[in-house]
Each structure stands twice: as structure tokens, then as C-alpha cells.
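Asks: Here's a structure for you.
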Amino acid sequence: MDLEDLRIFRSVVQEGSVTRAAERLNRVQSNVTTRVRQLEQDLGVNLFIREGKRLHLSPTGKVLLDYADRLLDLAQEARDAVNDGAPRGPFRLGAMESTAAIRLPAPLSEFHRRFPDVKLDLRTATIHDLSTAVLTGALDAALVAEPVSDDAFEKVTIYDEALALVAYAGHAPIRSPVDVRSETVLAFEHGCPYRLRMQQWFSRAGETPAQISEMSSWHAIMGCAAARMGVAVLPQMVLNSFPQSKYLSVHPLPRDLSHAPTVLIWRKGAQSSKIAALVEVLKRRKVSPTAIRRGKKRSTAP
């Protein structure tokens, strides 16, 4: 059974006879009759009740007609999707936890409104897991922080995240890694670009962290920093969203370590109309760093 068999079968039903169906399909009558007989033999059922030259749809034929309608309509939808390039169908997007929570609500709401035929599925994970999922095809695209391999992915910069070095409120000024050499670094697992920047900061001064404590969320990192359990590098936007930020102090990083571009990545050669539509929406709905910082003055008192 193939789509052409179903198309012939449906035409016979719609026209009420093999003769008219053959005319509609521009086929000889014997060919239509043969294809219908072959379809019945393939399925092992009679699709029509035959009374002389008249055909009546059998009960099993009615069941098949319902499926034929759906399959042929879906096939036409697939042809239209390929030909018109309009965004539609499933779209599996990945993002870092902080990006999904703070950056994406507004643009994804607009994306749903503008492209209702796209079924968007959002997944959060570590940068390593997101990159791997894009390479294996488990995700169509993902928002991750640089550095990202140029060999494996196509990418476009969406945000430029300002980074902050944080400790508990009242911590003495932190001017170099020497000032925190005995303290624990709070970070995500290996592969996190913010952890990498912290390690680069230490390495340039010839220092190594006394200990690295791996955390599973930004709120856990900030909570532990506020509780005097260590220091961390994190995006400024995450700090601004922390309700207990008054219990934290912020310290500067060197200029070249104080920013982390966030890029949308996808496999090379796999760009689609859905990815292009998302890039358009994300670039239109960028959050201004000034707006993020507006009205939030932090206390340095314990």
C-alpha cells in the first residue's frame, strides 16, 4: 500500500465509479481497476461491495477511507511545508537555565503568537549536554554561552552577558585571586563557560582555587555565596533576579573576562525556517542591560 494506491481508492469512492475515477486521474479504466484489486489483496479485505458495475463502500472500506483522507492530507501538508518554507511542525530548542528563566519568556511568547503552526519544545541543560544534543539531532538548536566550536556548529550571537564576581555582603574588596585564594569557588560542572573564566582569572595570577564546589543551579550558587560558603562568577542578569541579592557583594573582573556572548547554535547545514524565525524574534526582543540593572542598588552590609 502506498499513497498512490490510496489516492486512486479515494477517487473511486468520491466519483462513485471506476470509469469516472479513471477520467479524473487521467488513467485507463483497467489500470484503476487493477490498482484497487491489488490494494484489496494487499490488505486481505474487500473494500467495495460489487453489484454488477456498481460499487458500494464496504465497512472495512469506510475504515480505510478515514485513514486515506488523513494520510493524503498529511502528505499534502508536508509538500506545502517543503515548498513554501513557512515555519511549522515540531521545534526542539535547548537553553541554559538562566537564559530560559530570564531571557526567553517574552520572546518565546511572541514566537508562539507569530508562528502558531510551530510546536516548540524547550529543554534546559548544561552547555555540554545542549551542544551534544544538537550534534546528535536530539535538539534542533540551543542557546549556549561561548566558547563554542566553529567546526561543528553554525551560530549567531544573540546576547552579550555581563559577568559579575560575587561574594557575601561585607566581603573585603576582591582585586585579584590572591584575595580569595583560600576560599571555595562555587560553580557548575566542567564545561561551564563561567567556571572557565573563573579558572582563567586564577591561572593568570599563578593561583589555583583552594576548592571547587559544584552546584546544580544559580540559586544554589547565590545562596551559598550569601552564606559565606564561597565566591562565584555569574551573569549579572541572574544576580539582578535574586530576591536576596542584598546579602551579596559584587566585585569587578578583568575586562576580557567580564563578558560571555550567548549564541544560538545548530548543526552545520541544518538551518531551517524555524531557526531563522527564532533568530529574528530573539534579535528583536533583546533585553537591554540598562533595563536589567534599573533601580537595583545593592547593600554591602552583612
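Asks: Out of everything in the stretch 120-166 that is of a type in the set (Asp, Glu) and more than 11 Å from the chain's Cα centre (by Cα), what residue ends up being nearest to Arg197 (Cα to Cα)?
Replies: Glu146
Asks: For the stretch 107-114, check the following and say yes or no: at least one residue is under 23 Å from Pro193 (Cα atoms) and polar (S, T, N, Q).
Replies: no
Asks: Hey, another quick one. Looking only at the stretch 189-215, count how many residues are in a loop (DSSP other than H, G, I, E, B) and hydroxyl-bearing (Ser, Thr, Tyr).
Replies: 1
Asks: Of all residues in the stretch 86-104, which are small (Gly, Ala, Ser) and modelled with pLDDT under 90?
Replies: Listed by number, the residues that qualify are Ala86, Gly89, Ser98, Ala100, Ala101.
Asks: Follow-up question, since we're still on this one. Can you tell me which residue is farthest from Ala75 (Cα to Cα) among those in the stretch 22-48 that are over 46 Å from the mean Cα position of the chain (by Cα) and aliphatic (A, V, I, L, M)?
Replies: Checked the stretch 22-48; the qualifying residue farthest from Ala75 (Cα to Cα) is Val28.
Asks: Considering only the stretch 149-168, how many residues are under 17 Å from Gly94 (Cα atoms), surrounded by fewer than 18 Cβ atoms within 10 Å (Cβ to Cβ) and not polar (S, T, N, Q)?
Replies: 3
Asks: Can you tell me which of (1) in a strand (DSSP E or B); (2) free of Cβ contacts under 8 Å to residues at least 12 places away in the same chain is the one Leu120 doesn't meet?
Replies: Of (1) in a strand (DSSP E or B); (2) free of Cβ contacts under 8 Å to residues at least 12 places away in the same chain, only one is false for Leu120: (2).
Asks: Is one or more of the residues making up the stretch 148-157 outside any loop (DSSP other than H, G, I, E, B), in contact with a Pro (Cβ under 6 Å, 6 or more places away or on another chain), closer than 30 Å to Gly206 by Cα and at pLDDT 90 or above?
Replies: Scanning the stretch 148-157 turns up no residue that is outside any loop (DSSP other than H, G, I, E, B), in contact with a Pro (Cβ under 6 Å, 6 or more places away or on another chain), closer than 30 Å to Gly206 by Cα and at pLDDT 90 or above.
Asks: Contact list please: Cβ distance under 8 Å, first residue in the stretch 89-111 and on the phi < 0 side of the Ramachandran plot and surrounded by fewer than 18 Cβ atoms within 10 Å (Cβ to Cβ), second residue of a type in the set (Phe, Trp, Tyr) and part of a helix (DSSP H, G or I), pairs at least six apart or on different chains.
Replies: Glu97/Trp218
Here's the yes/no breakdown for (1) in contact with a strand residue (DSSP E or B) (Cβ under 6 Å, 6 or more places away or on another chain); (2) within 20 Å of Ser98 (Cβ to Cβ); (3) surrounded by fewer than 17 Cβ atoms within 10 Å (Cβ to Cβ):
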{"residue": "Tyr194", "(1), (2), (3)": "yes, yes, no"}
{"residue": "Met198", "(1), (2), (3)": "yes, yes, no"}
{"residue": "Met222", "(1), (2), (3)": "no, yes, no"}
{"residue": "Gly230", "(1), (2), (3)": "yes, yes, no"}
{"residue": "Asn240", "(1), (2), (3)": "no, yes, no"}
{"residue": "Pro252", "(1), (2), (3)": "no, no, yes"}
{"residue": "Ile265", "(1), (2), (3)": "yes, yes, no"}
{"residue": "Gly269", "(1), (2), (3)": "no, no, yes"}
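Asks: Here is a list: Leu186, Leu165, Leu143. Which entry is in contact with a Cys (Cβ under 6 Å, 6 or more places away or on another chain) and not in a helix (DSSP H, G or I)?
Replies: Leu186
Asks: Given the structure, is Met229 part of a loop (DSSP other than H, G, I, E, B), assigned by TED's automatic domain parsing to the domain that holds Tyr194, touching a residue at least 24 places away in the same chain (Cβ under 8 Å) and not charged (D, E, K, R)? It would help to see each step written out before you state the result.
Replies: Working: part of a loop (DSSP other than H, G, I, E, B): yes; assigned by TED's automatic domain parsing to the domain that holds Tyr194: yes; touching a residue at least 24 places away in the same chain (Cβ under 8 Å): yes; not charged (D, E, K, R): yes.
Considered against the rule, which asks whether it is part of a loop (DSSP other than H, G, I, E, B), assigned by TED's automatic domain parsing to the domain that holds Tyr194, touching a residue at least 24 places away in the same chain (Cβ under 8 Å) and not charged (D, E, K, R), Met229 comes out as yes.
Asks: Among the residues in the stretch 83-96, are any assigned to a helix (DSSP H, G or I) and under 30 Å from Glu15 (Cβ atoms)?
Replies: Yes, that holds for at least one residue.
The values are calculated or read from the model by the stated rules, or taken from the named source; none is laboratory data. Remember, it's a predicted structure, so these values are computed and weren't measured experimentally. Cβ coordinates were reconstructed from backbone atoms using ideal geometry, including for glycine residues, and neighbour counts include every protein chain displayed.
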